[in-house]
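Engineer: Quick one: this structure, given as structure tokens, is what I'll be asking you about.
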Amino acid sequence: MQNVYLTIVLAPLFGAIIAGLFGHFISRRAAHTVTIAGVAVSAIFSLYVFKHIVLDGAEPYNGTVYTWMVSDGIRFEVGFLIDSLSAMMMAVVTFVSLMVHIYTIGYMHDDPGYKRFFSYISLFTFSMLMLVMSNNFMQLFFGWEAVGLVSYLLIGFWYKRPTAIFANLKAFLVNRVGDFGFLLGIAAVLMYFNSLDYADVFAAAPMMADMTIEVIPGIEWSLMTVICILLFIGAMGKSAQVPLHVWLPDSMEGPTPISALIHAATMVTAGIFMVARMSPLYELSTTALGVVLVIGAITALFMGILGIIQNDIKRVVAYSTLSQLGYMTVALGASAYAAGVFHLMTHAFFKALLFLAAGSVIIGMHHEQDIRKMGGIKKYMPITYWTMLIGSLALIGFPGFAGFFSKDAIIEAVHLSHTPGAGFAYFAVLIGVFITAFYSFRMFFLVFHGEERMDAHTREHLHESPWVVTGPLIALAVPSVFAGAIFIGPMLFGDFFEGAIFVSPERDVLGHLGEHFHGWFSFVLHGLTGPAFYLAAAGVGSAWYLYLKRPDIPAVIKERSGVLYTILEHKYGFDDFNEKVIAAGSRGLGRLLWQVGDVKLIDGFIVNGAARSVGWFSGVIRYLQTGFLYHYAFAMFLGLFVLIAIFVF
Amino acid sequence: MSSELPLLSLVVWTPIIGGLLVLAIGSGKHVLEARVVSLLVALLTFAISIPLYVQFDPTSFQMQFVELHPWIERFNIHYHLGVDGISMPLILLTTFTTVLVVLAGWEVIQYKPAQYMAAFLIMEGLMNGVFAALDAMLFYVFWEALLIPMFVVIGIWGGPRRVYATIKFFLYTFLGSVFMLVSLIYMYFQADSFAILDFHTLKLGLTAQILIFIAFLLAFAVKVPMWPVHTWLPDAHVEAPTGGSVILAAIMLKLGAYGFLRFSLPITPDASRELDWLMIALSLIAVVYIGFVALVQKDMKKLVAYSSISHMGFVTLGFFIAFTIFENTGSWKGAAMGIEGGIVQMISHGFISGAMFLSIGVLYDRVHSREIAAYGGVTNTMPTFAAFAVLFAMANAGLPGTSGFVGEFMVILSAFKANFWFAFFAALTLIIGAAYTLWMVKRVFFGEVANDNVAKLKDINAREFIILGTLAVAVLFFGIYPAPLLDVMGVSVQHLLEHIAQSKL
């Protein structure tokens, strides 16, 4: 099987290299053919692996490809761990990637960077696969940073736009803050486990559960808490959790296909995947789980609220992504890892769908992204309309749609959880349901219903997108409806993740939930009686009332909410703080150290000062060498006199 | 595994004699001939150095390819050459880099091109001599002789403030080395030998060790350079021609770091243990303080110069955390990773800083400005070049998959074992390094075409493509597969570590 795994990873890399390095020599058609073929091979083989591991129940594969290096007796290896968790991720990543590749043919049709774009997204697929298939922390970090690199390249794809190149630098640096913690976490793992292999580390972890270390002298912290929180800082960067979320909304400067692929479906879920992968470690630290839970809850609620006031179609979806990532993180914190990963999967489908549908609208609107200038598009773009409706219903957790199962499972799991912060998290995710429904359908109604607010020229040219665009929409709509009902049984309450995800019995909220689980249909019926359903319905209803029935009210609310609106408009001030305090502060510190430390003190005072004092000293000494013979004779006599005096007395 | 041929002598003397030859034929009209001969000499030297790797026995810590002949018998000074797993890769780095430097100066240097090439060839031989010397006097001669061609290169082909820069460079480094000479002579009287390996086993009291350590520190810290004796480097880089900057950053800085491994640690292990806090503090200051300074530079060369200082902080950090690891964990495990990480960082920084300076050279040759503000949107006119530049920038920021990651990764892993906060401050480079490098990339390469100069830019030619492409391959190769590098140094580093674990008191 190793060759299959290698092919899955290398096929997209091959495509990326051909389209990227040899782009000059091949046509646009060849570029997209080779990359799509690569990803298609990957996707087919991934499905085969999914069948092999999950359906046929084959033993997980854990093997080395090559030894990266040996240092100090520790082998750093590149290798694969293929179990149900990675098999599922591989299937999701390659499927969504394939859809995005096809969609790109239509979306980027007129772009001069066409081949470069295909090269990047194939490179991304390679990197993401390296990340999810890794069997050790080193390779995980490689994939982790490699997807960050491709994200950087793609956000800045239109490198002439000032906003795009601002956003990609910001994204990379904010991610680096996360990676900083992540790397320290990896260093801690190596120090205490003497290995970076998952298998070794997870096997030894229970023995380390009671170990404490002193990071600050005098204060004892549990080793597991320190490791898990450091690793989670990495997840906060990549999965855009507060306060490291600031890069994700700006990343919308990139072309829409990558917003779907990277900044919604796959890369941003790497943090979720990582924590689920590390469940044997996280289960040993209640404190760390509490931190994860609270951070996730804050993100789920407060980022959702920001979605309400956005007017850019992509930014609405971006904030909803932030909020949904918060939901996944909440699930992790509640030890319902399977629910988090399950939501990751359904979210990958419906969020990719929403982004691609938004992209379809953007093409139709000639790259207009402001939803206030849309309206009534339904009749011009029927396929986009219906697929977007499916995506939105899945997002708000409408009973029966994919998102319903995963989101309800998270809410129920948090309800049962006793992890510190669970009460707040339960409140946050419930309110979040209302907010999600509200902003999703606010956007939906503003875009597709109501009066047509676009200019006449745009309206004339408004038509449905070509099949390369609508095809992927339909293909993604299918799992957005059905994936939930199909997988909820095995994934959450069956043995799908047996051996891949570890939950300690006293925190096994999903096991608890499973006792009352009697198939997906009864889960739907049960959902109809829960608060989440009413909140979602209320959200849709309010959106309908405010934006279709009485469109005059929102303006009044906006006017009357004063300070609150200002806070939301400034996104709680995170960006201002980062720019005015952190970025400006760093530059100020740099200037201070340079001008005062290097230029004034070291060079000015010590180096050139030393040179000046040598000059001054020699200037003084020079007076001794007057060139007059009688001066020298006088000095000689004086010296002789002194010496004789010493000698005599 | 010794070869029939005196390989080390060949890598030392081939370029020196070749350089003299180039000087001889290059005066007057034979400019092309001088260039071709220079390239051939550089290629030949590189070819000669390859068997050093191939025939090297990585299972032995002994010096290999040893050549020993009496030189000045009255003072027991020998012509004594040999390499172990620490010095051998550095010789290969030198011979490799020189080929690129000769190519880089090909048509760019119009003023006295033969002399320019000759200076670099002679420098190459002398640097190889420093890395291969096993006799302290021989080492010292090569070490000091090296100053002359570099002094000449900056002084003749340098920028407008070249006189200030050369004097500063010369005085700084010369002043540092004088103290080294004194301590070498002191040890000669103790050991009655100038053999470095005899110094390793020489019994020395703590006071003597500390004085010797400080003397060495002055010599090596200036070369590395460590904070606060680093301010000559940005000036030297700014004034030096591209080739000078490349050699300076890629090889010359490594001489100081190499000195710590060959002299300070093994000769004065107890002093190293006593003063390791100082070394660690200075290293971390280099990483963090200098990182912030790099952030606000307006001159690309200065920025990369500061970035070099910051990266070299990882080298010295990796070398000197061994003792703290032992104190903290009660075992030397993890210390070797720090030292090896430091060496990997030296090699990798050779590629990356060389590539960065060559890239700046590409722009400077066209626009004659090093100011970041003079550029903007270079990608529009030089897309191939921009791709290289982004790759090297990412390597400079330590992206996994490039060689820049390997050394920093190893040092951070190792530093964590010594003390959480060492690793914490060292890892800040992940953020700061990315910030200064990518911010520069953003301002130079991205955006709309900023001015007419940028609009008129021509993308890199075949010669430049070959130079940057070769470096790109090296950077990627050692990022994806660093094992060949680690394999040759493992035993030597282990031996060094066993040696310094033994107190001399």
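Engineer: Show me A:351-357, B:409-415, A:501-507 ranked by packing, highest mean number of other Cβ atoms within 10 Å first.
Structural biologist: Packing proxy ranking, top to bottom: A:351-357, B:409-415, A:501-507.
Engineer: Sticking with this structure for a sec: Could you put A:200, A:72, A:598, B:299 in order, starting from the residue whose Cβ has the fewest other Cβ atoms within 10 Å?
Structural biologist: The order, fewest Cβ neighbours first, is A:200, B:299, A:598, A:72.
Engineer: Could I ask something else about it? Can you give the relative contact order of chain A as a percent, counting alpha carbon pairs under 8 Å and 6+ residues apart?
Structural biologist: 12 percent.
Engineer: A further question on this structure: Compute, for the stretch A:1-147, the length of the dipole vector about the Cα centre, with Cβ point charges of +1 (Lys, Arg) and -1 (Asp, Glu) only. Units Debye, rounded to 20.
Structural biologist: 460
Engineer: What FRET efficiency do you get for residue A:204 and residue B:73 if R0 is 56 Å and r is their Cβ-Cβ distance, rounded to the nearest 0.05?
Structural biologist: The calculated FRET efficiency here is 0.40.
Engineer: Shifting gears a bit: Which lysines, if any, have their Cα less than 25 Å from the Cα of residue B:301, not counting same-chain residues under 8 positions apart?
Structural biologist: A:160, A:170, A:600, B:112, B:168, B:223, B:254, B:442, B:456, B:458
Engineer: Sort the following peptides by mean Cβ neighbour count (other Cβ atoms within 10 Å, averaged over residues), highest first: B:167-180, A:306-319.
Structural biologist: For the peptides B:167-180, A:306-319, the packing ranking is A:306-319, B:167-180.
Engineer: Between residue A:220 and residue B:281, what FRET efficiency follows from the Cβ-Cβ distance if R0 is 30 Å, with the result rounded to 0.05?
Structural biologist: 0.70
Engineer: Tell me the label-point distance for the pair residue A:605, residue A:457, using the 7 Å Cα-to-Cβ offset, in nm and rounded to one decimal.
Structural biologist: 6.4
Engineer: Follow-up. Which of the pairs B:302/B:333; B:333/B:504; A:379/A:549 have their Cα atoms more than 27 Å apart in this structure?
Structural biologist: Flagged as over cut-off: B:302/B:333.
Engineer: How crowded by other chains is B:400-409, given as the mean number of beta carbons from other chains within 10 Å of each beta carbon?
Structural biologist: 4
Engineer: Sorting A:410, A:474, B:432 on the 10 Å Cβ count, fewest up front, what's the list?
Structural biologist: Ranked by crowding around the Cβ, least crowded first: A:474, B:432, A:410.
Engineer: Just order A:1-7, A:21-27 by mean Cβ neighbour count inside 10 Å, highest at the front, would you?
Structural biologist: The densest-packed peptide leads the list: A:1-7, A:21-27.
Engineer: Mark the label point 7 Å from the Cα of residue A:542 along Cα→Cβ and return the residues of the stretch A:291-314 whose backbone N is within less than 20 Å of it.
Structural biologist: Those under the cut-off are A:297-312.
Engineer: Does chain B come out rounded, prolate or oblate by the C-alpha gyration tensor, with a ≥ b ≥ c the root eigenvalues, rounded set by a/c under 1.5 and, if not, prolate when a/b is larger than b/c and oblate if not?
Structural biologist: It comes out oblate by the Cα gyration axes.
Engineer: Where in the stretch B:81-123 is the amide nitrogen less than 16 Å from a point lying 7 Å along the Cα-to-Cβ axis of residue B:148?
Structural biologist: Hits in the stretch B:81-123 for residue B:148 at 16 Å: B:115-116, B:118-123.
Engineer: How big is the gap, in Å, between the Cα center of the stretch A:392-406 and the Cα center of the stretch A:310-369?
Structural biologist: Using only Cα atoms to place each centre, the spacing works out to 12 Å.
Engineer: Moving on to the next point. Could I have the simple spin-label model distance between residue B:476 and residue A:636, label points 7 Å from Cα toward Cβ, reported in nm to one decimal?
Structural biologist: 7.8
Engineer: What does the average come to when, for each residue of peptide A:137-149, you count the partner chain Cβ atoms lying within 10 Å of its Cβ?
Structural biologist: That works out to 3 on average.
Engineer: Please report, in debye to the nearest 20, how large the charge dipole of the protein assembly as shown is about its Cα centre when each Lys and Arg carries +1 at its beta carbon and each Asp and Glu carries -1 there.
Structural biologist: Computed charge dipole of the protein assembly as shown: roughly 2980 debye.
Engineer: Using alpha carbons only, how many degrees (0 to 90, rounded to 10) separate the axis of helix A:162-193 from the longest principal axis of chain A?
Structural biologist: Value to nearest ten degrees: 80.
Engineer: Oh, and also: From the square roots a ≥ b ≥ c of the eigenvalues of the alpha-carbon gyration tensor of the stretch B:84-183, which class results: rounded (a/c under 1.5), prolate (a/b over b/c), or oblate?
Structural biologist: oblate
Engineer: Something else now. By its C-alpha gyration tensor, with a ≥ b ≥ c as the square roots of the eigenvalues, how is the stretch A:536-649 shaped: rounded for a/c under 1.5, else prolate for a/b larger than b/c, else oblate?
Structural biologist: prolate
Engineer: Another one. How shielded is A:581-589 by partner chains, expressed as the average number of their Cβ atoms within 10 Å of its Cβ atoms?
Structural biologist: Neighbouring Cβ atoms belonging to other protein chains average 3 per residue here.
Engineer: Moving on. Pick out, from B:146, A:41, A:217, the residue whose Cα sits farthest towards the positive end of the charge dipole of the protein assembly as shown, with +1 on the Cβ of Lys and Arg and -1 on the Cβ of Asp and Glu.
Structural biologist: Checking the options against the dipole of the protein assembly as shown, the answer is B:146.
Engineer: If you don't mind, another one. Starting from the Cα-Cα distance between residue A:486 and residue A:27, subtract it from 0.36 nm times their residue separation and give me the gain in nm to one decimal.
Structural biologist: Full extension of this stretch gives 161.1 nm more.
Engineer: When Lys and Arg each count +1 and Asp and Glu each count -1, what net charge do the other residues less than 15 Å away from residue B:453, Cβ to Cβ, add up to?
Structural biologist: 0
Engineer: Another one. Simple spin-label model, 7 Å along Cα-to-Cβ: residue A:6 to residue B:451 in nm?
Structural biologist: The answer from the label model is 5.3 nm.
Engineer: Normalised by the empirical 2.2 N^0.38 Å for globular proteins, what value does the Cα Rg of the stretch A:118-195 take?
Structural biologist: 1.26
Engineer: Suppose R0 equals 60 Å. What FRET efficiency, 1/(1 + (r/R0)^6) with r the Cβ-Cβ distance, do residue A:51 and residue A:623 give to the nearest 0.05?
Structural biologist: 0.05
Engineer: Here's another thing I want to ask about it. Please compute the Kirkwood hydrodynamic radius of the stretch A:1-150 from all pairs of different C-alpha atoms, in Å with one decimal.
Structural biologist: 15.7
Engineer: While we're on this one: Could you tell me how many degrees, from 0 to 90 and to the nearest 10, lie between the Cα long axis of helix B:403-418 and the main elongation axis, the longest principal axis, of the Cα atoms of chain B?
Structural biologist: 40
Engineer: Then there's this: Less than 17 Å apart at the alpha-carbon level, and either on another chain or at least 8 residues along: which lysines does that give for residue A:314?
Structural biologist: In chain and number order, the partners are A:351, A:373, A:571.
Engineer: Then there is this: Could you give the dipole magnitude of the stretch A:329-483 about its Cα centre, charging the beta-carbon of Lys and Arg +1 and that of Asp and Glu -1, in debye to the nearest 20?
Structural biologist: The calculation lands at about 80 debye.
Engineer: What do you get for the angle between helix A:28-50 and the principal long axis of chain A? Use alpha-carbon atoms, 0 to 90 degrees, nearest ten.
Structural biologist: 70
Bear in mind these aren't lab numbers, they're just calculated from the coordinates by the rules spelled out. These figures come from a predicted structure and were not determined experimentally. Positions of Cβ are backbone-derived with ideal geometry, glycine not excepted, and every protein chain shown enters the neighbour counts.
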